[in-house]
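First up is the structure itself, then whatever we jot down about it.
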Amino acid sequence: QLFNFPFSHSKLIMSSFLLQLRVSILLTLPIICSTNTNDINIIYFWFDDLGFGDTGYNGGDYPTPILDALATKDAIKVNFHYTEQVCSASRSSLLTGRYSWLSGLNSVSGLNTIAGYDTTLKLFPEILQNEGYTTFISGKWHIGYSHERDLPYNRGFENGVYSHQGLQYYDRGFVRGWSRFDNVFGEPSKPIKAERRCTFGNNYKVNIHDTYKIEKNATGNNYYDKPVLFGSTGYNEDLYTEAIKDYVKNLDGSKPFFIYYSLWTPHATITQPPVTRPDGTAANFTACYNAFPNKTTATCDLNNDTRCVFCKQVHYASQNIQEIIDEIKKNSKLDWNKTIVIVTSDNGATPTSRNGLAFGSALPYRGVKSGTHEGGIRTPAIIKGGYVENILKTNSGLTNNMCAYNNMFHISDWYHVFMSMLNIDSSHSLYSPDSDHSKLGVWNNILCHCKGQKDATTCDTSGPSRVPRDELIMMRMCGNPNATYSASGGGKFFYSAYVRKGDWKLVINGSNVITETCDNITHVVGGSMLSNYIHANDTKYKVPNETYYNVVYRPRIEYDNGSLSMLYKSECLEDLISSGSPNVNDINYGPYNYSSLLLYNITADRIEACSVNNSAIEQQLFNYLLNRSVEYNIKTGTVKPAPDFGSFRAQMDSFDCNATYTLPWNDNSTGNVNNIWTSFIAKGKQCSNMLNNCTDSEASSSVVQVISIPLEQKPDRDIHSEYPPFGSYQWIYAYYWLVVVLVVIIFILLIIIARMRYSQSKIVYFGVNNMVDEIEMANNHKHIDSYQSDSTINEQDQDELL
């Protein structure tokens, strides 16, 4: 019993009050304005360092029966899929929809560095989220974590389990000894070093935890990273796959979904996968044992045949991909006919000589990961799903309902292909394609070819809406982009680069030694693995000689009755062989010679066997690349940025006796190495698992003051509650609730005024409590500790309220 009103008047007043309140709440709720009419579910899988020649269906040495089945039936096989040279650059290019040298990141985003993508650019998951998608990330992020605004939960992902950097197969993070920190960030004073040894021991390894689950914060309005899986020794690909499967099981089909799974497989260091699947069944590696004679579970190991282990890891990961696809099909609430699946890789293969215990092979192509030859930038790519199957069924001329797309496709094109699928164009408030992509119509070009409605020539020339890609550009540059070019230094110069326009490809410094610094670059004449043909077993061919022709080239050309010949054909090599020319084995043969500029007719010489002497075309391409270089947009400005001191401080400040964490440091790069270690040691002295036995004469009890810092040592702690992130926007919530309180006060005042107006009559009003309950229901969402979409829950709560 709150107020006394005549019933009829109070009912009218309260009805009006509730109506206004409901309208005001509606206006404050997040509204998703979807402009697309084609809600397509998207699953994007990509391997890490899986080369074009590492797949069976491309004629490679490794059997890949699951990938073969995906690629050769009900699929579009993208035969000329190009990436960037290295993993982080490809990820940045994919998510920003630009060449990596225009995306802010064209090298590796290293631990403790500020290297990352240009955060002023809109990532495509953000657009999908805006269009009403529920989104999930799993696996490797690896495009920067220096600021919280850079991380997935602020860039379109609301669910996921992932790592900021990327992990080895059975690890949840990294370990680093004292020397790693001292060499990079500087040594502390001798007394502090001595105290550090006393507290932790001389051989102590700092654990850097890097596995997180995206969760909502206490207010239910913002997301954050929650460290998870402490002490877990499971296989990473299984942990990620099971997380995705749990997420899929909980999808109810009310929203389209986007799943982004960035695998670690088959990145070095190659490791034995589990012999048992997560469901308890035995892992099946028969295909690998058959491919490598006399191999069994007991002998297919790193001591007997490393290639066999590589095969097992790729096969195991392929089984995970298939399980996720099967899980989607099993969920009756999801529409397979509106689902598209992408399977590809981030860059070319990695042999052992490039990255230790890797065993990938780009053969028959020249070069490997990090290089600008085809072996470093060509990868397998498959487009699957019920959505694609139905498209292909319109073309009765296809075999097994499979279409081979043979125009160029760059990793950045996926962004724009997804926009085309969703009927989103440049009129959309969040979608701003750059000049390289605004003139293309890659998806429409694919549809034209694969539907078979027109011949290939007509598809490529019949209008701006389906213009195919006809150029590729990659550059890593030193110096000011606006400076004068100088190959000998003193101005800007290309550390490495290539440009392809039509048939012609110009490679610049394609055989550089990877010192990753602009101060000391040397180029090896034909001696670098980046310009060699390298087998998984590290057999190297400096030139495509007769042995290479018989062992490597010819088997690929003749594979499957010559069905792949157009992928590998080299007219110049075949001419040398057919003519019996001794030049084929002559390392000094002119077209074999390495120089800082190498020109290839890539359509006539797919494997880049013979450089072409045509100075006019060479100069034309070089000038074009030089003119484009003024657009160079790299966050760090150097080839390999140095570790940032702010990262060191944030990481060491997060120490909790169990681990430190790869936390963002939000542009605050200040700090003092002695102060950081002093604080770290003070925390260590409270840890029961530390040595704490100080007898070193250099240590002084006055050096480190032991302070009382309560430390949680339980799994799954909310580390951000102790180290609040810059991007949590707590001040916004404070103002939000202040406004709510003011609104309530205003309405109470209005009610009091009304009471005074109708004071002659008395009545018991009993409706306000219900109204308050409705408000509380809208603002007190339950915490759901699962992989179910939080955005879906919010939408349901809103529906109940409205």
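The values are calculated or read from the model by the stated rules, or taken from the named source; none is laboratory data. Computed from a predicted model, the values in this text were never measured in an experiment. Counting neighbours? That spans all protein chains shown, and the Cβs are built from the backbone with ideal geometry, glycine included. Quick note on the areas: whole protein, heavy atoms, side chains included, nothing else; ligands and nucleic acids left out. Shrake-Rupley method; radii C 1.70, N 1.55, O 1.52, S 1.80 Å.
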Report summary line: Contact list, first residue from region 469-486 and within 21 Å of residue 510 (Cβ to Cβ), second anywhere and among the charged types (D, E, K, R) and surrounded by fewer than 20 Cβ atoms within 10 Å (Cβ to Cβ), beta-carbon distance below 7 Å, six or more apart or interchain, is 471/501; 473/628
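Given the criteria out of contact with any Cys (no Cβ under 6 Å at 6 or more places or on another chain) and open to solvent by 30 Å² or more (accessible area, probe 1.4 Å), does residue 496 qualify?
Considered against the rule, which asks whether it is out of contact with any Cys (no Cβ under 6 Å at 6 or more places or on another chain) and open to solvent by 30 Å² or more (accessible area, probe 1.4 Å), residue 496 comes out as no.
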Report summary line: All conditions in (1) surrounded by 15 or more Cβ atoms within 10 Å (Cβ to Cβ); (2) in contact with a Lys or Arg (Cβ under 7 Å, 6 or more places away or on another chain) are true of residue 205 except (1)
Report task. Quickly run through region 252-277 and pick out the residues that are farther than 20 Å from residue 348 by Cα, buried (at least 23 other Cβ atoms within 10 Å of the Cβ) and of a type in the set (A, V, I, L, M). Result -> 259
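For region 355-373, state whether one or more residues are over 30 Å from residue 550 (Cα atoms) and buried (at least 18 other Cβ atoms within 10 Å of the Cβ).
Looking for residues that are over 30 Å from residue 550 (Cα atoms) and buried (at least 18 other Cβ atoms within 10 Å of the Cβ), one finds none in region 355-373, hence no.
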Query raised in the report: When only residues in region 87-118 that are within 15 Å of the chain's Cα centre (by Cα) and open to solvent by 10 Å² or more (accessible area, probe 1.4 Å) count, which is nearest to residue 436 (Cα to Cα)?
Result: 98
Report task. Inspect all residues belonging to region 267-281 and state whether any of them is farther than 28 Å from residue 157 by Cα, in contact (Cβ under 8 Å) with a residue 40 or more places away in the chain and of a type in the set (A, V, I, L, M, F, W, C). Result -> yes
Report task. Among the residues of region 415-444, write down those that are surrounded by 16 or more Cβ atoms within 10 Å (Cβ to Cβ) and over 26 Å from the mean Cα position of the chain (by Cα). Result -> none
Query - Among the residues listed as 311, 288, the single one being within 17 Å of residue 67 (Cα to Cα), surrounded by 14 or more Cβ atoms within 10 Å (Cβ to Cβ) and out of contact with any Lys or Arg (no Cβ under 8 Å at 6 or more places or on another chain) - result: 311
**Report entry** Selection status of residue 181, at pLDDT 95 or above and crowded, with 20+ Cβ neighbours inside 10 Å
**Finding:** no
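Out of region 217-237, which residues are farther than 19 Å from residue 149 by Cβ and open to solvent by less than 40 Å² (accessible area, probe 1.4 Å)?
Across region 217-237, the qualifying residues are 220, 227, 228, 232, 234, 235, 236, 237.
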Query raised in the report: Residue check: is residue 447 in a loop (DSSP other than H, G, I, E, B) and either in contact with a Phe, Trp or Tyr (Cβ under 9 Å, 6 or more places away or on another chain) or modelled with pLDDT of 90 or more (or both)?
Result: no
Report task. Answer with yes or no whether residue 646 is touching a Gly at 6+ places or on another chain (Cβ under 9 Å), assigned to a helix (DSSP H, G or I) and modelled with pLDDT of 75 or more. Result -> yes
**Report entry** Residue list for region 400-431, restricted to those being part of a loop (DSSP other than H, G, I, E, B), in contact with a helix residue (DSSP H, G or I) (Cβ under 9 Å, 6 or more places away or on another chain) and polar (S, T, N, Q)
**Finding:** 400, 401, 406, 407, 412, 426, 429
Requested in this report: Determine which single condition residue 388 fails, assuming it passes every other condition in (1) open to solvent by less than 10 Å² (accessible area, probe 1.4 Å); (2) part of a loop (DSSP other than H, G, I, E, B).
Outcome: (2)
Query raised in the report: So which residues in region 577-606 are without any contact (Cβ under 8 Å) to a residue 24 or more places away in the chain and assigned to a helix (DSSP H, G or I), if there are any at all?
Result: 578, 582, 583, 590, 591
Query - Subset tally (residues that are closer than 11 Å to residue 405 by Cβ and open to solvent by less than 50 Å² (accessible area, probe 1.4 Å)) for region 450-468 - result: 3
